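Remarks on the structure that follows.
The values are calculated or read from the model by the stated rules, or taken from the named source; none is laboratory data. Since we're looking at a predicted model, the values are computed, not measured. Cβ atoms come from the backbone with ideal geometry, glycine included; neighbour counts cover every protein chain shown. Quick note on the areas: whole protein, heavy atoms, side chains included, nothing else; ligands and nucleic acids left out. Shrake-Rupley method; radii C 1.70, N 1.55, O 1.52, S 1.80 Å.
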Amino acid sequence: AQTVTQSQPEMSVQEAETVTLSCTYDTSESNYYLFWYKQPPSRQMILVIRQEAYKQQNATENRFSVNFQKAAKSFSLKISDSQLGDTAMYFCAFFAFGGATNKLIFGTGTLLAVQP
Amino acid sequence: EAQVTQNPRYLITVTGKKLTVTCSQNMNHEYMSWYRQDPGLGLRQIYYSMNVEVTDKGDVPEGYKVSRKEKRNFPLILESPSPNQTSLYFCASSPLWAGTTAEQFFGPGTRLTVL
């Protein structure tokens, strides 16, 4: 069964600094997608970044980038130049599209606080 | 505007009183799913649907039913709610077309309290 693990329940970072959120996953599938979602206090789920497993190049979206290590089954999120608006819960998620499960599986989340 | 809508947004009910939470998307997505979010557990998938009349269990389906009679709608039914179903519920949809990235588009959430 696929699992997603986020080992950091809470993290804190100073404004303008860089922070890295960790995520590991376990799967026997070869074709899958990985996502980071942000959930601010409004509770809305917002896609931050996505990575296709077949792509070796790490995805980037402005201040957000990932370090995707397929062999190690690791998918960390780096936030550069942290801003107060980055304060949120961050969820790592895995989707084996077309695989045996067709389920989106989430980690338990990391609560990030950006301090002024 | 492309969106996923859920109704109601907030609901307080009593044990055993049947309820339905509606979900609708206007993006012609094949894939729709329901999740519940509980503190410390993240989001867990309840049911999902690959297309009209095709539904399957997620990781926590007990106590829930779904139907997919139309492509745009995917209601969640609690026939006899219990207090352990008090949670925040999200509906989401995603395209399954070749070349898409399986991004899930989420609704705004429904806060359910069962007394």
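Here are a few things to note about the model shown:
- Across the stretch B:14-28, computed HN-Hα scalar couplings (Karplus, 6.51 cos²θ - 1.76 cosθ + 1.60, θ = phi - 60°) run 10, 3, x, 8, 4, 9, 10, 10, 8, 9, 9, 10, 10, 10, 6 Hz from first to last residue, x flagging Gly and Pro.
- Calculated FRET efficiency for the pair residue A:74/residue A:17, C-beta based, R₀ 30 Å, to 0.05: 0.85
- Within the accessible area of chain A (1.4 Å probe), percent carbon and sulfur: 47 percent
- Rounded to whole Hz, the Karplus (6.51, -1.76, 1.60) HN-Hα couplings of the stretch A:66-77, x for glycine and proline: 10, 10, 9, 10, 5, 5, 7, 6, 10, 8, 8, 10
- Take residue B:69: with every protein chain present and a 1.4 Å probe, its accessible area is about 150 Å².
- For a label point 7 Å along the Cα-to-beta-carbon line of residue A:56, residues of the stretch A:67-90 with backbone N under 16 Å: A:68-72
- Counting Lys and Arg as +1 and Asp and Glu as -1 over every other residue whose Cβ lies under 13 Å from the Cβ of residue A:13, the net charge comes to -3.
- Sites listed here are chymotrypsin sites (Phe, Trp or Tyr not before Pro) in the stretch B:29-104 whose DSSP assignment is loop and whose Cβ has at most 12 other Cβ atoms within 10 Å: B:97.
- Cross-link pairs beyond the 23 Å C-alpha cut-off, checked among A:55/A:103; B:18/B:65; B:17/B:65; A:38/B:57; A:55/B:71; A:103/B:71: A:38/B:57; A:55/B:71
- Using distinct alpha-carbon pairs, which all enter the 1/r mean, Kirkwood radius of chain B in Å: 14.1 Å
- Per residue solvent-accessible surface (Å²) - chain B, probe of 1.4 Å: 46 Å²
- Overall Cα dimensions of the stretch A:62-112, principal axis frame, Å, largest first: 40, 21, 18
- The spacing between the stretch A:37-106 and the stretch B:31-55, judged by their C-alpha centroids, is 18 Å.
- Protein-protein interface of the stretch B:39-69, residues with accessible area decrease of at least 50 Å², isolated chain reference, 1.4 Å probe: B:43
- Interatomic Cα distance distribution for the protein assembly as shown, bins of 5 angstrom, percent: 1, 7, 14, 18, 19, 17, 12, 7, 3, 1, 0
- Computed in the context of the full set of protein chains, the accessible area of chain B at 1.4 Å probe radius has 53% of its extent on carbon or sulfur.
- Taking packing as the residue-averaged number of other Cβ atoms within 10 angstrom, the listed peptides A:14-21, A:29-36 run from highest to lowest as A:29-36, A:14-21.
- Translational D in µm²/s for chain A (Stokes-Einstein at 37 °C, 0.692 mPa s, Kirkwood Rh from C-alpha pairs): 230 µm²/s
- Derived value for the stretch B:13-52: Kirkwood hydrodynamic radius 12.6 Å. Basis is the mean of 1/r over every pair of different alpha-carbon atoms.
- Taken across both chains, chains B and A shield about 1900 Å² of accessible surface from a 1.4 Å probe.
- Per residue solvent-accessible surface (Å²) - chain A, probe of 1.4 Å: 47 Å²
- Start at zero, step by 10 Å, and the Cα-Cα distances of the stretch B:52-93 spread as 23, 57, 20, 0 percent across the bins.
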